[in-house]
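Following: one structure in structure tokens, then a few remarks.
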There are 2 protein chains.
Amino acid sequence: MTEHETASAPPALTVWGIPGLPGVAPGDDLPRLIADAARRAGVEPGDILAVTSKIVSKAEGRVVAAADREQAIADETVRVVATREHPGGAATTRIVENRLGLVMAAAGVDASNTAAGTVLLLPVDPDESARRIRRAVEACVGAPVGVIITDTAGRAWREGQTDIAIGASGVHLLDDLRGGHDANGMLLAVTAPAVGDEIAAAADLVKGKARGMPVAVVRGLAAHLDPAAPGGRSLIRPAAEDLFRLGHREARAEGRAEGRAEGRAEGRAEGRAEGRAEGVEEGYAAGYADGFAEGLAEAGDAGGAS
Amino acid sequence: MTEHETASAPPALTVWGIPGLPGVAPGDDLPRLIADAARRAGVEPGDILAVTSKIVSKAEGRVVAAADREQAIADETVRVVATREHPGGAATTRIVENRLGLVMAAAGVDASNTAAGTVLLLPVDPDESARRIRRAVEACVGAPVGVIITDTAGRAWREGQTDIAIGASGVHLLDDLRGGHDANGMLLAVTAPAVGDEIAAAADLVKGKARGMPVAVVRGLAAHLDPAAPGGRSLIRPAAEDLFRLGHREARAEGRAEGRAEGRAEGRAEGRAEGRAEGVEEGYAAGYADGFAEGLAEAGDAGGAS
């Protein structure tokens, strides 16, 4: 016990990286490796393990040659959300929705901290990966734990990236307080803390990007554990409620194309009516002059012939 | 020391809520109150305090009658980003950019955990609020600390809310690794962890929404401390780099209006040319017939008169 702990409430949340996790290769039994490391790290009932998706992908052999990166991104993409070319020939930013429903740059295909010449795809099914790790850890430590699979994602409006929960087992990712009450008894109408993302963020603070510490233990949140909790999809906003389905340029371009087609049809109808009125007037005058001359001539011919 | 700490690396990150912070009222010396509570809670050099913006707003008297909420939101709004009416007459969702540059629902004007009949505006200058708290805490504990002012925000694409850093003093919010290298020596081209938001998220896990624990201590991140670190703006994406300046409906509507005007002008010109050609043909035939008849008549009149 340090001094502050005698003077205050005990630490409510403790997060630390698990040391000694060896490099992971395709085919490794990652659940087993993590369970052993977790036991050595003293994982206890109620702890949550935050596992970087990267080592899950590595163990699951989700490795692709860097030369096939573009194809891999296309294959992982369900829907393009926004793209932006960068001046000077730098790589194009492509924000897409991937097959997991996640909106991410490059569909989550990752080139950092991978073997040279390779890129990593996200795990096939992060919830299933989490379930397998959880089962192994629980068998090893003999107690319920939660497992979250994390990945790094950019955000709209804000600089930098945070880690988010892309899969989970045994832990609620969304703490739905909607319908509950605050400390003053007021209805917490729209409050639903995304605790899964907050746990992923807390874990990232100790894992770090350059430190090679892919699993963190998060202690103090046992209240969020539930063997029946839903997985990563619980943090994905349904399309109908998503106000940012497309980048503003893309949405604007779509609207412009639609508006242009509509406007063209309207304008054409208007212009046609106007042009017709003008043309009739113009044509009438020309026709009248020609007709009149012809009429005169016709009459002359008739008169001459009679 | 618990058992796990002997068997593993020491906890890298510890987060706990500061108990015993009394209810805060307008005019209270919040820096002083927090400093006293921090000292009692054993705050040490290198600790970061995560302070909920709500108590800062309360102390700064940023209270408005609930009846004036709409006006308050309008006053705090710099730019409307997206709105959505809800069926059944529920309140309209308004995502706006506020005067702090933050994109938030209702401009960050908050009705939860406030006195009945009132709403709270965000602090006037959260960086300055953080500075004042930091100065008071450092004077009290005699050592450098960091202070982050946090608020709760929704996100694009993802369910629920997380806490983010809206102001700071003495701590870097963005850990800019761009240009650095990963564990394999690969360039971390675009990586810049938003540690400020991750700290705010970690703190929210212990503060909770309904628990009335507005300040948390975050220990273990002294590496991010820097008296010269910039404030909350460092996590706000510049407009030119923001791919989601508008909701997709709003951007689409703008594009549609533009496209319609363009299309209408184009269509009108096309339609006019087409209509004119048709009209000339039609008018010519009518004019010719009339002219011919008139010509005949004219010739007849002339013949009769001669």
Selected residue (criterion: nearest to A:H224 (Cα to Cα)) from residues of segment B:188-207 that are more than 7 Å from chain A (Cβ to nearest Cβ) and modelled with pLDDT under 95
B:K207
Restricting to segment B:94-116, name every residue that is small (G, A, S) and more than 13 Å from B:A66 (Cβ to Cβ).
B:G101, B:A105, B:A107, B:G108
Options A:I95, A:I133; residue that is out of contact with any His (no Cβ under 9 Å at 6 or more places or on another chain), in the same structural domain as A:L173 (by TED's automatic domain parsing) and among the β-branched types (V, I, T):
A:I133
Would you please name the residue that is surrounded by the most Cβ atoms within 10 Å (Cβ to Cβ), looking only at residues in segment A:153-164 that are over 14 Å from A:P126 (Cα atoms) and touching a residue at least 12 places away in the same chain (Cβ under 8 Å)?
A:D163
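Here is a yes/no grid of residues against (1) hydrophobic (A, V, I, L, M, F, W, C); (2) out of contact with any helix residue (DSSP H, G or I) (no Cβ under 9 Å at 6 or more places or on another chain); (3) surrounded by 14 or more Cβ atoms within 10 Å (Cβ to Cβ):
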position	(1), (2), (3)
A:D29	no, no, no
A:R32	no, no, yes
A:R62	no, no, yes
A:I73	yes, no, yes
A:H86	no, yes, no
A:T93	no, no, yes
A:V96	yes, no, yes
A:A105	yes, yes, yes
Scanning for something surrounded by fewer than 18 Cβ atoms within 10 Å (Cβ to Cβ), modelled with pLDDT under 95 and farther than 30 Å from A:G263 by Cα, does segment B:258-280 turn up at least one residue?
no
Let me spell it out: the conditions are (1) of a type in the set (D, E, K, R); (2) more than 7 Å from chain A (Cβ to nearest Cβ); (3) in a loop (DSSP other than H, G, I, E, B), and B:R245 meets all of them except one. Which number is the exception?
(2)
Any chance A:D68 is crowded, with 17+ Cβ neighbours inside 10 Å, touching a strand residue (DSSP E or B) at 6+ places or on another chain (Cβ under 9 Å), more than 20 Å from B:H248 (Cα to Cα) and not β-branched (V, I, T)
no
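Yes/no per residue for (1) of a type in the set (S, T, N, Q); (2) on the phi < 0 side of the Ramachandran plot; (3) more than 11 Å from chain A (Cβ to nearest Cβ):
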position: B:V103; (1), (2), (3): no, yes, no
position: B:G108; (1), (2), (3): no, no, yes
position: B:N113; (1), (2), (3): yes, no, no
position: B:L122; (1), (2), (3): no, yes, yes
position: B:D127; (1), (2), (3): no, yes, yes
position: B:I133; (1), (2), (3): no, yes, yes
Go through A:L225, A:L235 for me and flag whichever is within 30 Å of A:D47 (Cβ to Cβ), within 8 Å of chain B (Cβ to nearest Cβ) and modelled with pLDDT of 95 or more.
A:L235
Could you tell me whether B:V147 is part of a loop (DSSP other than H, G, I, E, B) and either in contact with a Leu (Cβ under 6 Å, 6 or more places away or on another chain) or modelled with pLDDT under 80 (or both)?
no
Restricting attention to segment B:92-104, does a residue exist that is part of a loop (DSSP other than H, G, I, E, B), closer than 19 Å to B:L246 by Cα and among the hydroxyl-bearing types (S, T, Y)?
yes
Selection status of A:A59, more than 14 Å from chain B (Cβ to nearest Cβ), farther than 28 Å from A:T14 by Cα and of a type in the set (A, V, I, L, M, F, W, C)
no
Going by the conditions given, is B:V141 among the β-branched types (V, I, T) and assigned by TED's automatic domain parsing to the domain that holds B:A216?
yes
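The values are calculated or read from the model by the stated rules, or taken from the named source; none is laboratory data. These numbers were taken from a predicted model, which means no experiment stands behind them. For neighbour counting, all protein chains shown are included, and Cβ atoms are generated from backbone atoms with ideal geometry for every residue, glycine included.
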